[in-house]
Amino acid sequence: MKITDINTMSKEEVKEEMKSAKSKDKLYFNFKHKISTGEVKEVEVYSQPIPFVEKDYLYSIIHEAK
């Protein structure tokens with residue numbers, strides 16, 4: 001599943017947030033994600049770039065905001 005499948009932001013906004021996280025300027029985000037029922041929930045996302053072979057990947061931990 002890609003972030004664009006569940007995030008309610010536009011693809012351009014998601015791309016900018018991921019770019020910011022990859023540059024290590026930002027590790028924490030609040031997003032609105034659409035769950036399988038169609039309901040939208042506020043979530044907290046903690047992200048960090050992980051170097052692997054010749055490419056960096058963005059590792060994220062996502063949980064529902066209280």
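Values quoted throughout were computed directly from the atomic coordinates according to the rules given, and no laboratory measurement underlies them. Bear in mind that the values here come from a model prediction, so they are computed numbers and not experimental data. Here the Cβ is made from the backbone with ideal geometry for all residues, glycine too, and neighbour counts use every protein chain on show.
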Worksheet item: If we count every other residue with Cβ under 9 angstrom of residue 41's Cβ, Lys/Arg +1 and Asp/Glu -1, where does the sum land?
Response: -1
Worksheet item: Roughly what would the spin-label model give for residue 15 and residue 42, points 7 Å off Cα along C-beta, in nm?
Response: 2.9 nm
Worksheet item: When only Cα pairs under 8 Å and 6 or more residues apart are kept, what is the percent relative contact order across the chain?
Response: 25 percent
Worksheet item: Out of 20, 36, 47, any idea which swings most in a Gaussian network model of the chain, alpha carbons joined below 10 Å?
Response: 36
Worksheet item: Mind checking the angle between helix 11-22 and the chain's longest principal axis? C-alpha axes, 0 to 90 degrees, to the nearest 10.
Response: 40 degrees
Discussion item. For q values of 0.14, 0.15 Å⁻¹, compute log₁₀ I(q)/I(0) with the Debye formula on a Cα-only model of the range 3-64, without solvent.
Written reply: -0.40, -0.46
Worksheet entry | Over 23 Å (Cα to Cα) - which of 11/66; 2/55; 15/66 fall in this group | 11/66; 15/66
